[in-house]
There are 4 protein chains.
Amino acid sequence: MTTQVIVLNGGSSSGKSGIVRCLQAVLPEPWLAAAIDSLVDAMPASMQESAEGIEFAPDGAVGIGPQFRALEAAWMEGVAAMARAGARIIVDDVFLGGAESQGRWRKALDGLDVLWVGVRCDSETAAAREIARGDRARGMAASQADLVHRGVRYDLEVDTTHTESLSCARKIATHAT
Amino acid sequence: MTTQVIVLNGGSSSGKSGIVRCLQAVLPEPWLAAAIDSLVDAMPASMQESAEGIEFAPDGAVGIGPQFRALEAAWMEGVAAMARAGARIIVDDVFLGGAESQGRWRKALDGLDVLWVGVRCDSETAAAREIARGDRARGMAASQADLVHRGVRYDLEVDTTHTESLSCARKIATHAT
Amino acid sequence: MTTQVIVLNGGSSSGKSGIVRCLQAVLPEPWLAAAIDSLVDAMPASMQESAEGIEFAPDGAVGIGPQFRALEAAWMEGVAAMARAGARIIVDDVFLGGAESQGRWRKALDGLDVLWVGVRCDSETAAAREIARGDRARGMAASQADLVHRGVRYDLEVDTTHTESLSCARKIATHAT
Amino acid sequence: MTTQVIVLNGGSSSGKSGIVRCLQAVLPEPWLAAAIDSLVDAMPASMQESAEGIEFAPDGAVGIGPQFRALEAAWMEGVAAMARAGARIIVDDVFLGGAESQGRWRKALDGLDVLWVGVRCDSETAAAREIARGDRARGMAASQADLVHRGVRYDLEVDTTHTESLSCARKIATHAT
């Protein structure tokens, strides 16, 4: 069977979006990116200032409300439908709920051939990269580094602490054909 | 019946994305934006340098190839699936194929309650705004201003030439409830 | 004498940066933009979270502290030096202090040929555009619309309420040669 | 004497801007960033499509024309004036002319206490990061990796190949006080 969806899960500043771009560059066919950050951008601006939506605390904690959860569930169904319609998809997500988040994706992607990839990065290194990129609330990287992997089962794990995104992508690509 | 999808169609620099943000601000429920520009961003970078993908000529002409078309078709199915799963969606598209583009959306959105909105802007004004925004190839606005509306049928049309995005959005919102 | 510096002053969302890009497009010689927003971006991120730096209140009010003021004063000297070294400069600023802000620029630009331009926009229209652009705190446009012009003397005023940025730029350009 | 200007020189994708943000975070006083990329953004858009300005070839080569050179010279004078007026400045530049580029900065910064820092990155690693970031022409990183350091003399060199930006910044900071 052929991989239809690659799901990358990792904490903030672990290097997921760089791996996505590298995967798109090294995989022979065109793959479409579906990132949780793009979903947030597609929501009304007011969703980011409300307990109903998504809240980013000054310490980096992220709170998710019912309106966010509802749109996210519909988005997962949409991503699955794109894959069923023939698009190869790379999902770039942050499993704040760990195994429970994976369960929701598993249900949405039912019947599709999925490659589950854990993107790890040492907590201290991710926190350092968070400062270097300068566009994320300080503390997100550290608070999510381990949390998002709790109870999640992967086909493959990569670690960006000492490995470039391109090398990680090449490793993933060998499992995705 | 309740509107499930609002489709905005208009040429480059006609003011669609501003109307989307205003619609998200004025509509009482949360609506999700699904923009063709975001689809392009989600594709591999190499798609923008290939006749198979999407090409932006220096004069503003846009060429679409089969790989782009295939991913776009899957995206339309995905957008429809999000709406069927309960998300309210505002599509922000450029019907380069006019009536034929609308036909493809009609097919994908079959069974959903759709509000079709034409976003017009005087060609000369759109070209002026293209210079002011500074992030689009010169000529796109003028070449698309009329082209994208050919043969398209709308429930409602707005014109941003002399009307602010917020006023256009308020008018659309009265038809979307 | 030849214009060496064009200073545009106007409230948030009055359309200054669009006019800058249009001026750069219509003026025959290359002009360099010097925007207060770029200065803010060049400061440490921590300056935006401190009473010593610059604070954006949820209601759109902007507070300026002594560290910001010190860097801003040095920046004004730098902009003046660029002009004295032969670069044509378009300053894009928000005179939160009205006449007092102009006085500081006047001192820094001493000896240079400056064209002072007021960029007006009806308060309600600017507030509507603030919603449409979606990247500014709600309330800045309305709170600054009149404030920034208090006691300021101009060579020329433009109003973007009913006039496109490109037309405003063409009008300014006729005074800048 | 106290460091007034830190000049970082390195090729595209060597990690300079990340180091700048980390320096701004770790240095006790506020430092202002002055990046060659920001200068390019401040120029008219047409400068990037002309042999008089700056041209980015598809293979990553960069061509500089007389209009660019003139504005750049004025910018250097302006940066020096900001430092003389009391602002601490971190310059982030790409010495396409190697020692000759340094000579021009040396002349502009005459009399100021400058810390010259070389930012190295293994050519292959920089090329990999160029793919991961996705917003630069392929080939720039490799073509500039060694070129920009030819004949340049530094007070300090850092290498981002195996060292995070934050660690590089901390090392630089110990020399900047």
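The values are calculated or read from the model by the stated rules, or taken from the named source; none is laboratory data. Note that the structure is predicted; figures quoted are calculated from it, not measured. Here the Cβ is made from the backbone with ideal geometry for all residues, glycine too, and neighbour counts use every protein chain on show. Areas reflect the complete protein model, heavy atoms only, side chains present, ligands, DNA and RNA absent. Shrake-Rupley method; radii C 1.70, N 1.55, O 1.52, S 1.80 Å.
A simple charge model with +1 on the Cβ of Lys and Arg, -1 on the Cβ of Asp and Glu and nothing else charged puts the dipole of the range D:77-170 at about 180 debye relative to its Cα centre. Structure remark: mean-square fluctuation, Gaussian network model of chain C, C-alpha springs under 10 Å; the largest value among C:Glu29, C:Glu130, C:Glu77 belongs to C:Glu29.
For the range A:63-111, accessible area lost to neighbouring protein chains reaches 10 Å² or more, against the chain alone with a 1.4 Å probe, at A:Gln67, A:Leu71, A:Ala74, A:Trp75, A:Glu77, A:Gly78, A:Ala81, A:Met82, A:Ala85, A:Ala87. Using C-alpha pairs below 8 Å separated by at least 6 residues, the relative contact order for the range C:33-117 is 30 percent. Taking trypsin sites (Lys or Arg not before Pro) across the range B:122-177, the ones in a DSSP loop with at most 14 further Cβ atoms lying within 10 angstrom of their Cβ are B:Arg150, B:Arg153. Per residue, the convex hull spanned by the Cα atoms of the range B:1-72 measures out at 116 cubic angstrom. If you run the Gaussian network model on chain D, springs between alpha carbon atoms under 10 Å, then out of D:Ile90, D:Ile19, D:Ile64 the most flexible one is D:Ile64.
Across the accessible surface of the range A:96-150, with the other protein chains kept in place and a 1.4 Å probe, carbon and sulfur atoms take up 47 percent. Taking amide H as placed 1.01 Å from N in the peptide plane, A:Ile90 has its amide H under 5 Å from the amide H of A:Ile6, A:Leu32, A:Ala33, A:Ala34, each at least 5 places away in sequence or on another chain. The Rg/Rh ratio for the protein assembly as shown is 0.95, where Rg is the radius of gyration of the alpha carbons and Rh is the Kirkwood radius.
Residues of the range A:132-169 whose accessible area (probe 1.4 Å, heavy atoms of protein chains only) drops by at least 40 Å² once all protein chains are present, relative to their chain alone: A:Ala132, A:Glu164, A:Leu166. Quick one: pull the percent of accessible area on the range D:15-59 belonging to carbon and sulfur, 1.4 Å probe, ligands and nucleic acids left out. The C+S portion of the solvent-accessible surface of the range D:15-59 is 48 percent. Loop-located GluC sites (Glu not before Pro) in the range C:25-67 (DSSP state not H, G, I, E or B) with no more than 11 neighbouring Cβ atoms inside 10 Å do not occur. Any idea which of D:Ala57, D:Ala83, D:Gly103 is furthest toward the positive side of the dipole for chain D, if Lys and Arg beta-carbons carry +1 and Asp and Glu beta-carbons -1? My answer, from the dipole projection, is D:Ala83.
Write down Rg/Rh for the range D:33-149, rounded to two decimals, with Rg from the C-alpha atoms and Rh from the Kirkwood relation over Cα pairs.
Rounded to two decimals, Rg over Rh is 0.97.
Each Lys and Arg adds +1 at its Cβ and each Asp and Glu adds -1 at its Cβ; summed about the Cα centre, chain B shows a dipole of about 400 debye.
Check every DSSP H run in chain A and write down those whose alpha carbon atoms cover 24 angstrom or more along the long axis and whose mean Kyte-Doolittle hydropathy is 0.0 or greater. Within chain A the helices that satisfy the rule are A:66-84. Inter-chain neighbour count for C:20-32: the average number of beta-carbon atoms from partner chains within 10 Å of each residue's beta-carbon is 5. Rounded to the nearest 20 debye, the dipole size of the protein assembly as shown about its Cα centre is 0 debye, using +1 on the Cβ of Lys and Arg and -1 on the Cβ of Asp and Glu. On association of chains A and B, roughly 1700 Å² of accessible area becomes buried (total for both chains; probe 1.4 Å).
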